[in-house]
Amino acid sequence: MASAFSAAKFSAQPFPLNHTSTTSHDSSIVFAKPTSLFLGSTRKLRLTSSSKFNLSRRSGTVDAVSDVVKQKKSKSSPSLLITKEEGLELYEDLVLGRAFEDMCAQMYYRGKMFGFVHLYNGQEAVSTGFIKLLKQQDSVVSTYRDHVHALSKGVPARAVMSELFGKTTGCCRGQGGSMHMFSREHNVLGGFAFIGEGIPIATGAAFTSKYKREVLKEADCDHVTLAFFGDGTCNNGQFFECLNMAALWKLPIVFVVENNLWAIGMSHLRATSDPQIYKKGPAFGMPGIHVDGMDVLKVREVAKEAIGRARRGEGPTLVECETYRFRGHSLADPDELRDPAEKAHYAARDPITALKKYLIENSLASEAELKTIEKKIDEVVEDAVEFADESPVPARSQLLENVFADPKGFGIGPDGRYRCEDPKFTEGTAHV
Amino acid sequence: MATGFHGVGAAVAALSSSPSNSFDSKKLLCSPRRSFPVRKGASFVADRSDGSVNLDLNPKARRAQQLIVNAVANKADSSPASSSSKPGHELLLFEALREGLEEEMDRDPRVCVMGEDVGHYGGSYKVTRGLAEKFGDLRVLDTPIAENSFTGMGIGAAMTGLRPVVEGMNMGFLLLAFNQISNNCGMLHYTSGGQFTIPIVIRGPGGVGRQLGAEHSQRLESYFQSIPGIQMVACSTPYNAKGLMKAAIRSENPVILFEHVLLYNLKERIPDEDYICNLEEAEMVRPGEHVTILTYSRMRYHVMQAAKTLVNKGYDPEVIDIRSLKPFDLHTIGNSVKKTHRVLIVEECMRTGGIGASLTAAITENFHDYLDTPIMCLSSQDVPTPYAGTLEEWTVVQPAQIVTAVEQLCK
C-alpha cells in the first residue's frame, strides 16, 4: 500500500485484460485472453510508458492533484493523507458496507427479501471515498446498486434493511425496495432501476443549488451533488446529455463512474468504442480523471479536488473509478462469464484489506481497534436485521397513500366528493 | 425535432368557418364555469369562445349567470357578480398562458421555466416571450435539445425545492422524455415513500395542426394516461388556459398541461383579478337536454359548430369540455348522463387506446343504468396524420360527423 500513491497510478491502465503493464506494480499477473473473437474484446490497449491520461488544457486542476500526490510520495514525508480519526471513520464505513451487503445475501437466500438485489461488495472504496467528504445538505444520486451509497450518506442500517424486507419502517415505507433507496433527511435522491435515469435527476439537484445561489440569492449555498453510475451507463444518451448541460451551466456536480468492467454479462470492452471513460469529460469541457477505485485514499484525494471544484462554482468533473464487484451483477446472476483470474486479481486489492494495512503500517490504528470496529458493525447489522424482522408489513391502507402529494389528484367521484374523502380510500380498498 | 418553427404564425386558428382569425365573445348563452339549471328554448349563438364577463349578455343569459349550482365549489366560481362588474381584458390564448405563468413567477421565486427556445426566442409559440428579459437566463432556461435529460433535470430540481415548468416545444417531442415522465415524474413520490414531491408542470402544444405531418401531430395524452401519479389537463380557451396554468403551477402534484397548436390565437375577454381553474373539474359549455357531448381541446370548437347545426335542426345538446383528462370529473359527467341518457364523446385521440376509450369505459362502469343507448365515441382514425390537407381533414372528426352521430343517438 505504501507504493500506492505514485503518479503512474493516475495514468495507469484501467483495463488489465489483455495487457501487461510495466508500470503497474502487479505486472506479474498475466491474464488469459478472452475466447471471444469479437474485435472489441481482443483488442489490446496500448498505453505508452509516458502515458498520462489525456487531459485537455482545461483540466489543469487534475495535474495539480497528481503533482501534490507525487510530492507526498517522493518526499516520503511523514505527513499522511489522513488522521487517525478519519482513518477509523473510513474503515468503519467500508466495513459497514461490506458487512451489510453480505448480510443482504444471506437474507435473500433465506427468503427475507425478493426481486432484484444488487450488491456492492468490492466497490466500497468509491462510496466511502466520496461520500464521507460530503455535508448533510449535499445530495447523492445512485443506481440500483445503492444500499451502500445510502449507508455512507448516513441513512441508518435499520431503515435500509427494513426497506429491503419490505416493511413499513423502511426508508421508503417499503414502497421502493432495493433499487429505490431515498432519504429526504440525508439527501439521497435515489435509487433508480433504469440506468442513466438518475443522472438527469442529479443534474437537476445541482441546478437547484446554483439557482438558490444565483436567483434566490442564498449566497452561501454551495451544495454539491454526486451522481454515481457504472460503465454501462456511459454509453447511454442521458450520460452525454447531462455532461453537456452540467459543463454548459457549470453546475456543482461530480459524475462518478464506477467502472467495474461489466454490465451484467457485457464486458465494457465489448460495448464501448473507446473504453477510457475519463476521456469523455474533456470532450464536454470538464476535467476527466481516472483513479484506482480499489484504494479509498486515492479516491478520497481525487474526490476532495472534484468536490472542491464544484463547491467553488468551477463546474463539474468526471471521475472514472476503476473498481470491481466481487459478486455477480445481482443475486440472480450466476456470474459465469468473468475470468477467475480477473476476480482473483481484484480480490487481492480488496479495499478493506488495503486500508487496514495502511492504518497499521502507518501506526494510525492497532489491530485491536480495528477489530472493535468490526465487532461494532456486526452488531449494527444484526440489530438492523432484528429490527427489520420485527417491523410490521405495510397495511392495506398504505396502498393509495403517496401516489399523489395532493390526493385530490385522484379526482372527483360520481357523488361529487373528492375520491380521497371516501372512507374506502383510506382503507385502501377503493378503486381509483 | 422540428426543423424551423415559425412561432405564432404557424398556429392558425383552426376555426374553419370563421372569416377572421380572432373572435370576440358575443352574446353569451351561458358562462362555462358553472353548471346551470335547465334553460328552455333559448335562442343563442353557439360561440367559439365560452367566455366570461360580457356586458352584451342578453337578459336571459345574464339572469342565468347569477345562479350558481355547483357541488364542488372553487375559487373560480365564487364571484360571477363581481366579475360582471369589471370589464376584464382581452387577449389571445398564448398571451393568457403567458400571463398566468408570469403571475406565478412573480408570486413565487421558485417557479422557473425550462425548455428549448423558451428564453431568448420567447418560445416557439411565444408563450414565454419577454420572460427571460424580465427574470433572467437561469430562471427562463434555454436548454439544449435533450428532452429526456432536461425533463429529468426539471424533476430533480422539483425534488430539491424548485417549481419548474418544462416546455416541450411540441408535445410529440416528449416521447423522448417518456422515461423520465413515467418512471420519475409519475412514480418517484410513491417509491420514495412520500419523501419527495415533484411539483412540476410539463406543458406544450400537441394535437393535429395544419399539415404539420405525422410526427408533429401527435396526441400524447393517450400515451401518458396510464402513468400513475400524474394529472393531465387540456386547455381550450384563454380563460381556462390561464386558470389551468396557474392551478398546475400551484399544485403539489406533477401536472401535464396539454395545449393545442391551432388554438393559440383564440381571443377572449378574461377577468383582471386572480383566478384559477380547478384541475379536477370539467367545464359546462352549453347545458342541454337531449344528448351529452363530451369533448376537450380543439374538438370543443368542432362540437360547438356542430351544435349550431343541431340546434337549427331542433336538438338540444349538452356540451361539456372535460378539461381534466386524468382524472375524469365523474361528477359533472355523471350528472349530465343522468339527465340526457345519451353520450357522445368527440376527441382528437386515435380510436385505439385514447382518452375517449378510457372515458367510455369509465362511464359504462359508473353510469350504465342511466344510458338509453350505447356510448358513441368519435375519434381520429388510427392513422399517422397525413400531410395532404384533404387526407388530414378526414383523419380528424369534423362537425358534419358530429351532427350525424347526434342524429343517430337521438333516433
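The values are calculated or read from the model by the stated rules, or taken from the named source; none is laboratory data. This one's a predicted model, so the numbers in the text were calculated from it and none came from an experiment. All Cβ positions, even for glycine, are placed from backbone atoms using ideal geometry, and neighbour counts span all protein chains on display.
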When residues of region A:247-270 are filtered for being small (Gly, Ala, Ser) and out of contact with any Gly (no Cβ under 7 Å at 6 or more places or on another chain), how many remain? 2
In the set B:Pro386, B:Pro374, the lone residue that is part of a loop (DSSP other than H, G, I, E, B), touching a helix residue (DSSP H, G or I) at 6+ places or on another chain (Cβ under 9 Å) and without any contact (Cβ under 8 Å) to a residue 12 or more places away in the chain is B:Pro374
Can you pull out the residues in region B:389-411 that are within 17 Å of B:Gln305 (Cβ to Cβ) and among the small types (Gly, Ala, Ser)? B:Ala400, B:Ala405
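Yes or no, residue by residue, for (1) closer than 24 Å to B:Lys246 by Cβ; (2) touching a strand residue (DSSP E or B) at 6+ places or on another chain (Cβ under 9 Å):
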{"position": "B:Val118", "(1), (2)": "yes, yes"}
{"position": "B:Gly122", "(1), (2)": "yes, no"}
{"position": "B:Arg163", "(1), (2)": "yes, yes"}
{"position": "B:Asn179", "(1), (2)": "no, no"}
Looking only at region B:205-252, which residues are part of a helix (DSSP H, G or I), charged (D, E, K, R) and over 15 Å from B:Glu283 (Cα atoms)? B:Glu221, B:Lys246, B:Arg250
Select from region A:194-226 the residues that are within 26 Å of B:Pro144 (Cβ to Cβ), in a loop (DSSP other than H, G, I, E, B) and more than 7 Å from chain B (Cβ to nearest Cβ) and list them in ascending order. A:Ile195, A:Gly196, A:Cys221, A:Asp222, A:His223, A:Val224
Kindly check whether there is at least one residue in region B:102-109 that is surrounded by fewer than 19 Cβ atoms within 10 Å (Cβ to Cβ), assigned to a loop (DSSP other than H, G, I, E, B) and within 14 Å of chain A (Cβ to nearest Cβ). yes
Kindly indicate whether A:Leu96 is in a helix (DSSP H, G or I), away from every other protein chain (no Cβ under 14 Å), under 19 Å from the mean Cα position of the chain (by Cα) and without any contact (Cβ under 8 Å) to a residue 60 or more places away in the chain. no
Neighbours by Cβ (under 7 Å, 6+ apart or cross-chain): first from region A:364-391, closer than 30 Å to A:Leu80 by Cα and in a helix (DSSP H, G or I); second at pLDDT 95 or above and of a type in the set (Asp, Glu): A:Ile373/A:Glu92; A:Ile377/A:Glu92
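State whether the residues of region B:347-354 include one that is in a helix (DSSP H, G or I) and either among the basic types (Lys, Arg) or surrounded by fewer than 23 Cβ atoms within 10 Å (Cβ to Cβ) (or both). Explain how you work it out, then say what you get.
Let us first name the residues in region B:347-354 that are in a helix (DSSP H, G or I), namely none.
Within region B:347-354, none of the residues are in a helix (DSSP H, G or I) and either among the basic types (Lys, Arg) or surrounded by fewer than 23 Cβ atoms within 10 Å (Cβ to Cβ) (or both).
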Which residue, of B:Leu344, B:Leu310, B:Leu279, is crowded, with 24+ Cβ neighbours inside 10 Å, aliphatic (A, V, I, L, M) and part of a strand (DSSP E or B)? B:Leu344
Could you please find all residues in region B:282-307 being touching a helix residue (DSSP H, G or I) at 6+ places or on another chain (Cβ under 8 Å) and assigned to a loop (DSSP other than H, G, I, E, B)? B:Ala282, B:Gly288, B:Glu289, B:His290, B:Tyr296, B:Ser297, B:Arg298
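Would you mention how many residues in region A:412-432 are of a type outside the set (Asp, Glu), free of Cβ contacts under 8 Å to residues at least 12 places away in the same chain and at the interface with chain B (Cβ under 10 Å from one of its Cβ atoms)? Give the steps one after another, and end with the answer.
Residues of region A:412-432 that are of a type outside the set (Asp, Glu), as a first pass: A:412-414, A:416-420, A:423-426, A:428-432.
This time we only want the ones that are free of Cβ contacts under 8 Å to residues at least 12 places away in the same chain, so: A:412-414, A:416-418, A:423-424, A:431.
Next cut, at the interface with chain B (Cβ under 10 Å from one of its Cβ atoms) only: A:412-414, A:416-418, A:431.
Result for region A:412-432: 7.
Filter region A:265-311 down to the residues that are of a type in the set (Val, Ile, Thr) and part of a helix (DSSP H, G or I) and list them by number.
Result: A:Ile277, A:Val296, A:Val299, A:Val302, A:Ile307.
Output the residues belonging to region A:170-193 that are within 18 Å of A:Leu331 (Cβ to Cβ), more than 7 Å from chain B (Cβ to nearest Cβ) and surrounded by 24 or more Cβ atoms within 10 Å (Cβ to Cβ).
Restricting attention to region A:170-193, the residues satisfying the condition of being within 18 Å of A:Leu331 (Cβ to Cβ) are A:176-181, A:191, A:193.
Filter once more, so that each one left must be more than 7 Å from chain B (Cβ to nearest Cβ): A:177-179, A:181, A:191, A:193.
Across region A:170-193, the qualifying residues are A:Ser178, A:Met181, A:Gly191.
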Note on A:Ala384: of the conditions (1) in contact with a Pro (Cβ under 9 Å, 6 or more places away or on another chain); (2) within 26 Å of B:Asn335 (Cα to Cα); (3) away from chain B (no Cβ under 14 Å), unmet is (2)
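Just checking, how many residues over region A:284-309 are over 18 Å from the mean Cα position of the chain (by Cα) and in contact (Cβ under 8 Å) with a residue 12 or more places away in the chain? Please lay out each step first, then the result.
Taking region A:284-309 and keeping what is over 18 Å from the mean Cα position of the chain (by Cα), we get A:284-287, A:308-309.
Imposing the further condition that a residue be in contact (Cβ under 8 Å) with a residue 12 or more places away in the chain reduces the set to A:284-287, A:309.
Number satisfying all stated conditions: 5.
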Any chance you could count how many residues in region B:149-197 are more than 9 Å from chain A (Cβ to nearest Cβ), under 25 Å from A:Asp138 (Cβ atoms) and part of a helix (DSSP H, G or I)? 1
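Residues checked against (1) farther than 20 Å from B:Val127 by Cα; (2) within 11 Å of the chain's Cα centre (by Cα); (3) surrounded by 24 or more Cβ atoms within 10 Å (Cβ to Cβ):
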site: B:Gln180; (1), (2), (3): yes, no, yes
site: B:Asn183; (1), (2), (3): yes, no, no
site: B:Ser217; (1), (2), (3): no, no, yes
site: B:Lys242; (1), (2), (3): no, yes, yes
site: B:Glu252; (1), (2), (3): yes, no, no
site: B:Ile256; (1), (2), (3): no, yes, yes
site: B:Leu262; (1), (2), (3): no, no, no
Can you work out which of the residues in region A:387-411 that are polar (S, T, N, Q) and more than 10 Å from chain B (Cβ to nearest Cβ) is nearest to B:Ile333 (Cα to Cα)? A:Ser397
Is there a residue in region B:199-218 that is modelled with pLDDT of 95 or more and within 11 Å of chain A (Cβ to nearest Cβ)? yes
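Can you find a residue in region A:219-240 that is aromatic (Phe, Trp, Tyr) and free of Cβ contacts under 8 Å to residues at least 40 places away in the same chain? Explain how you work it out, then say what you get.
Here is the first cut: in region A:219-240, the ones aromatic (Phe, Trp, Tyr) are A:228-229, A:239-240.
Imposing the further condition that a residue be free of Cβ contacts under 8 Å to residues at least 40 places away in the same chain reduces the set to none.
Checking region A:219-240: not a single residue is aromatic (Phe, Trp, Tyr) and free of Cβ contacts under 8 Å to residues at least 40 places away in the same chain.
Quick check on my filter: what residues within region A:296-315 are farther than 17 Å from A:Ser209 by Cβ and either touching a strand residue (DSSP E or B) at 6+ places or on another chain (Cβ under 6 Å) or β-branched (Val, Ile, Thr) (or both)?
In the first step, residues of region A:296-315 are kept if they are farther than 17 Å from A:Ser209 by Cβ; the result is A:296-305.
The answer is A:Val296, A:Lys298, A:Val299, A:Val302.
Of the residues B:Asn253, B:Asn278, B:Asn265, which single one is at pLDDT 95 or above and more than 14 Å from chain A (Cβ to nearest Cβ)?
Working: B:Asn253 fails: more than 14 Å from chain A (Cβ to nearest Cβ); B:Asn278 fails: more than 14 Å from chain A (Cβ to nearest Cβ).
The unique qualifying residue is B:Asn265.
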Just one of the numbered conditions (1) of a type outside the set (Val, Ile, Thr); (2) under 18 Å from A:Ala306 (Cα atoms); (3) facing chain B (nearest Cβ under 9 Å) is not true of A:Leu243; which one? (3)
Name the single residue, out of those in region A:404-419 being within 43 Å of the chain's Cα centre (by Cα) and surrounded by 21 or more Cβ atoms within 10 Å (Cβ to Cβ), that is farthest from B:Ile256 (Cα to Cα). A:Arg419
When every residue in region A:132-155 that is in contact (Cβ under 8 Å) with a residue 60 or more places away in the chain, away from every other protein chain (no Cβ under 14 Å) and surrounded by fewer than 23 Cβ atoms within 10 Å (Cβ to Cβ) is compared, the one nearest to the chain's Cα centre (by Cα) is A:Lys132
Criterion violated by A:Leu269 - all others in (1) over 25 Å from A:Pro334 (Cα atoms); (2) in contact (Cβ under 8 Å) with a residue 60 or more places away in the chain; (3) more than 14 Å from every other protein chain (Cβ to nearest Cβ) satisfied: (1)
